[in-house]
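K.L.:
Would you mind keeping the following structure in view while I ask a few things?
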Amino acid sequence: MAVTNFKGSKMSMKTRLIALLIVALAFNSMAAAKRLQVVTTTTDLKAITEAVGGEYVNVTSISSGKQDPHFIEAKPSYIIKLRKADLFIQIGLQLEIGWVSLILKGSRNSKIQMGARGFLDASENIEKLEIPTGPVDRSLGDVHTEGNPHYWLDPYNGRLMAHTITQKLSQLEPEYGAYFEQRKQVFVNSIDVAMFGPDLIEKFPADTLWKFYTQGNFEEYLKNNNIALNTQDGWAAQMYFAKGLKIITYHKSWTYFLKRFGITAVAQMEPKPGVPPSPKHILQLIQIANDHNIPIILMEPFYSDKAPNLVSRKTNAKVLKLGYSVNGDPGTNDYVNLMNNIVNKISAILAESTSER
Amino acid sequence: MGKAFAILLTLHFTVYGQTAAYLNLSFGGLFVAGISTLDEPNLDIIQGGAHDPKKRGFTVQNLELSMTGAVDPWFYAETHLIFQIDPEGESILEVEEAFMVTNSMPFGLQVKAGTFFTEFGRLNPQHPHVWSFVDQPIINNRLFGGDGLRGPGVRLSWLTPLTWYSELITGIQNANGETMVSFLASDEVKTLGEYSHIDRKVQSMRDVLWSSRWLNSFSPMETITANLGVSGLWGPNRAGQKTQTSILGMDIYAKWKPLTNNRGFPFVAFQTEVLSRFYEVIDSTAIKTKLETVKDQGYYGQVLWGFKLGWVLGLKVENVWGKVGQTDDPVRGDRTRWASNLTWYPSEFSKLRLNYNLEKWEDQGQLQTDHSLWIQFEFLIGQHGGHKF
């Protein structure tokens, strides 16, 4: 079979198929080009943006999830990622302060510079913790003057981040606003179900459950409704026995997570934020760990585990290394799985400690 | 060290409950103390950089006041003022850089205007506190002078649309002054190879410095990044009314760092630059006056190993050589330097460095070997921006 092209020559089937393929690829690339190009600083932001943006976003993260986001190097390859971005999303609160302005300026992309329409600080709607109240200088270590930036580790804040990102996506692509809103509802619901379990979410409005959980009278609320918390009731049930627990963390990365689940970090491995543990401080931590019968020293994989292991050997505390970003640990490929991993590992080590006692 | 530095404090002004950083201020002090088998006149020659250790005992290498900030929605500006105390104890103030940069030009273009370090190679545009050794390489001293190649001018940069980082830079700057030693220089700058200098005025575009650079960066995997650059300079010199200088260079910077690094450690970084200068002179000693080209070449290569949090071991080798001019020229003879150092960074804002230099140099045809041991210390206060990779 052959067709006549506009010059009158014959075109073979093979040529025709190739031409069709080229046209299809061109359309495909045009469709891809229609997607909003989004670059995020962390994989957590990427996961939430993908959850909300679906097929209308193409999201790239600067961090792979394994790095310490405070100390990412402003590599030229990151500048290239930003060059054609329509939207840049950062965690903010000075988490990325050492490198973001370098790659933003380097990109020469006026759409995503700080303050531009394509720039989003995901901390906008977050209730910030640990904002310094007194004078701050560097003798206090790496203090974040705008508050602790590790807010994504509270699942309630995951909902707020989804809301903030949805608003921005809808602002940039208003015709897909309803689509983004619908996907946000699905994402928020997945957090709610993971937090309280499907039964409670079916019986009560999620906002009500979050309200009572935040106020600290969640169990009382359930009791008043003649419901007992059971093991199927999500992270709330898994972390029930952790309430009132005292632990040690390496860095103040877990403040939001611990507050959500009623856990207290009585000390950090770092004597001051960003300062590695000194021998004197390690001795103090051993004392603290013994005094409070600390079960867990919670740390991120990128810190040295020498000092935590030393404290662990002299006390009952177990060192728990946990990635705190999506893809930081195996099986944490989205936001809910990240929180699942954290909750599962903490509750498992608590169950182990309880049975040992 | 080449890593992005965290900025943890900014000069904040509270305006109606909002924070705004209109002017970011920082101040850095860089000092060195040590001993050397070189006596003091020779120490000044061998340590040719203006920020190098200059004498047995203490040297104030660099006191730098930096002011940076957004000018308006279209420009960003930086000013760096240098204070020094010279070996004789006299205080010096220099305007090292003061420039503005566009931030909203289309097509990946960017213009820088003001007075600034020429973007030639890797080390020349860097400020002394970024250097990984206590002194700047001999070849940089020899071709660009003690203060580095800098001057008033304008440069255009284009971030090309290629799939990897590929930046083309071209610029023009005044070719005169003590920071333009290979070009029109100044009356105070020593003549090259004892060839005569003339008083040369700017009469055409051939009488300014033209610079070009092509920088490419590759990240074959997330843990490895390599920058490859080639640079060129073309400008007038003072040997004659039409004599020109060309300088060509090639630089490589490659770094490995694992993903799960702790504040940037561990890492291994390799850096090298090779430079050649072609300086046209008029040889009036020949029977008939003729134009000839004096060549100077050299390289340095260094490896840094950040072996544990805050600790870096460094090793550097340097070699320079050149065709000596009409008379013996002690600043242009063959030289080799081996250097090693151990640096401790208590934080990103301070450092303590022990640096050993082995110098091999020629003095009136005799090969000399000398040793120097330096301790360098640094502080940074205020808002200090991150460094380019």
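The values are calculated or read from the model by the stated rules, or taken from the named source; none is laboratory data. Since this is a predicted model, take the numbers as computed values, not measurements. All Cβ positions, glycine included, derive from the backbone under ideal geometry; neighbour counts span all protein chains shown. For accessibility, only protein heavy atoms count, side chains too; no ligands or nucleic acids. Shrake-Rupley method; radii C 1.70, N 1.55, O 1.52, S 1.80 Å.
K.L.:
Assuming R0 = 56 Å, what is the FRET efficiency of B:Leu228 and B:Thr289, from their Cβ-Cβ distance, to the nearest 0.05?
P.N.:
0.85
K.L.:
Roughly how many percent of the accessible protein surface of segment B:238-371 is carbon and sulfur, given a 1.4 Å probe and a whole-percent answer?
P.N.:
The value for segment B:238-371 is 62 percent carbon and sulfur by accessible area.
K.L.:
Right, another one. At 20 °C and 1.002 mPa s, grab the translational diffusion coefficient of segment B:152-217 from Stokes-Einstein with a Kirkwood Rh over Cα pairs, rounded to a whole number in µm² per second.
P.N.:
Calculated translational D: 154 µm²/s.
K.L.:
Can you give me the Cα centroid spacing of segment A:189-260 and segment B:103-143 in angstrom?
P.N.:
55
K.L.:
Stick to the Cα atoms of the protein assembly as shown, pair each with every other, and give me the Kirkwood hydrodynamic radius in Å at one decimal.
P.N.:
29.2
K.L.:
Points 7 angstrom from Cα along the Cβ direction at B:Phe278 and B:Val317: gap in nanometres?
P.N.:
Taking the simple label geometry, B:Phe278 and B:Val317 are separated by 2.8 nm.
K.L.:
Now for a separate question. Search the structure for amide H atoms under 5 Å from the amide H of A:Ile263, placed 1.01 Å from N in the peptide plane, and list their residues when 5 or more places away or on another chain.
P.N.:
It is A:Gly244, by chain and number.
K.L.:
Any chance you could check segment B:357-389 for residues losing 50 Å² or more of accessible area when the partner protein chains are in, compared with the chain on its own (1.4 Å probe)?
P.N.:
Buried by 50 Å² or more upon assembly, which counts only protein chains, are B:Phe389.
K.L.:
³J(HN,Hα) across segment B:235-248 via Karplus (A = 6.51, B = -1.76, C = 1.60, θ = phi - 60°), whole Hz, x for Gly/Pro?
P.N.:
With the stated coefficients, segment B:235-248 comes to x, x, 10, 9, 6, x, 6, 10, 6, 10, 10, 10, 10, 10 Hz.
K.L.:
Additional query: Compute log10 of I(q)/I(0) for chain B with the Debye formula, placing one identical point scatterer on every Cα and leaving out solvent, at q = 0.06, 0.09, 0.13 Å⁻¹, to two decimals.
P.N.:
Log-scaled intensity ratios, in q order: -0.24, -0.55, -1.19.
K.L.:
Quick one: order A:Phe302, B:Phe270 from most to least accessible surface, probe 1.4 Å.
P.N.:
Final ranking, largest accessible area leading: B:Phe270, A:Phe302.
K.L.:
Whole-Hz Karplus ³J(HN,Hα) for segment B:250-265, in order, using 6.51 cos²θ - 1.76 cosθ + 1.60 and θ = phi - 60°, x for Gly and Pro?
P.N.:
Values per residue, Gly and Pro as x: 9, 9, 10, 9, 10, 9, 10, 8, x, 4, 8, 7, 9, 6, x, 10 Hz.
K.L.:
Be a star and scan segment B:59-98 for residues whose amide nitrogen sits under 19 Å from the point 7 Å along the Cα-to-Cβ vector of B:Leu23.
P.N.:
From segment B:59-98, the list is B:64-73, B:75-83, B:94-98.
K.L.:
Against the longest principal axis of chain A, how steep is helix A:177-203, in degrees 0 to 90 to the nearest 10, with axes from Cα atoms?
P.N.:
So the inclination is approximately 30 degrees.
K.L.:
When only alpha-carbon atoms are used, what values of Rg and Dmax, in angstrom, describe segment A:239-356?
P.N.:
In order Rg, Dmax, the Cα atoms of segment A:239-356 give 13.6, 40 Å.
K.L.:
To continue, here is another question. Could you check the simple spin-label distance between A:Lys203 and B:Trp305, using points 7 Å along Cα→Cβ, in nm with one decimal?
P.N.:
If labels sit at A:Lys203 and B:Trp305, their model points lie 6.3 nm apart.
K.L.:
Sequence neighbours fewer than 8 away in the same chain don't count; with that in mind, list the lysines whose C-alpha is under 27 Å from A:Lys203.
P.N.:
Answer for A:Lys203, where 27 Å is the Cα cut-off: A:Lys184, A:Lys211, A:Lys223, A:Lys243, A:Lys259, listed by chain and number.
K.L.:
So what is the accessible area of segment B:13-382 per residue, in Å², with the probe set to 1.4 Å?
P.N.:
On a per-residue basis, 43 Å².
K.L.:
Please find the FRET efficiency linking A:Ser304 to B:Glu178, where r is the Cβ-Cβ separation and R0 is fixed at 45 Å, and quote it to the nearest 0.05.
P.N.:
Once rounded, the FRET efficiency stands at 0.40.
K.L.:
Sequence neighbours fewer than 8 away in the same chain don't count; with that in mind, list the aspartates and glutamates whose C-alpha is under 19 Å from A:Lys75.
P.N.:
A:Glu96, B:Glu119, B:Glu167, B:Glu222, B:Asp251, B:Glu348
K.L.:
Please compute how much accessible surface disappears when A pairs with B, both sides summed, using a 1.4 Å probe, and round it to the nearest 100 Å².
P.N.:
3500
K.L.:
Moving on. Take B:Ser104, A:Ser325 and sort them by solvent-accessible surface of the protein heavy atoms, 1.4 Å probe, largest at the top.
P.N.:
The residues order as B:Ser104, A:Ser325, largest area first.
K.L.:
For B:Lys351, enumerate residues with amide H under 5 Å from its amide H, sequence gap 5+ or separate chain, H modeled in the peptide plane.
P.N.:
Hits under the 5 Å cutoff: B:Glu378.
K.L.:
Please identify, among B:Ile82, B:Ile92, B:Ile46, the residue showing maximal mean-square fluctuation in a Gaussian network model of chain B using a 10 angstrom Cα cutoff.
P.N.:
Taking springs between Cα atoms under 10 Å, the residue moving most is B:Ile92.
K.L.:
Hey, got the dipole for the protein assembly as shown? About the Cα centre, +1 on K and R Cβ, -1 on D and E Cβ, debye to the nearest 20?
P.N.:
Using only the charged Cβ atoms, the result is roughly 2140 debye.
K.L.:
Another question, if that's okay. Which of the lysines could a cross-linker span from A:Lys272 if the Cα-Cα distance has to be under 17 Å and same-chain partners fewer than 8 positions apart are dropped?
P.N.:
Output for A:Lys272: A:Lys252, A:Lys280.
K.L.:
To continue, here is another question. Taking chain A as a Gaussian network, Cα atoms linked when under 10 Å apart, which of A:Thr43, A:Thr60, A:Thr208 shows the biggest mean-square fluctuation?
P.N.:
In the Gaussian network model the winner is A:Thr208.
K.L.:
Which value, in Å² rounded to 10, gives the accessible area of B:Val181 with a 1.4 Å probe and all protein chains present?
P.N.:
Its heavy atoms expose roughly 30 Å² to the probe.
K.L.:
Any idea what the relative contact order of chain A is, in percent, if you count C-alpha pairs under 8 Å spaced at least 6 apart?
P.N.:
Answer for chain A is 15 percent.
K.L.:
Shifting gears a bit: Which FRET efficiency, nearest 0.05, do B:Gln364 and B:Trp164 yield, Cβ-Cβ r, R0 51 Å?
P.N.:
0.50
K.L.:
For chain B, what does -39500 (n - 2.57) per DSSP helix run (n ≥ 4), summed and divided by total residues, give at 222 nm, in deg cm²/dmol to the nearest 500?
P.N.:
-1000 deg cm²/dmol
K.L.:
How shielded is A:102-115 by partner chains, expressed as the average number of their Cβ atoms within 10 Å of its Cβ atoms?
P.N.:
So the per-residue partner count for this stretch is 4.
K.L.:
Could you sort B:Arg263, A:Arg313, B:Arg56, A:Arg117 by accessible area so the largest value comes first, with the probe set to 1.4 Å?
P.N.:
A:Arg313, A:Arg117, B:Arg56, B:Arg263
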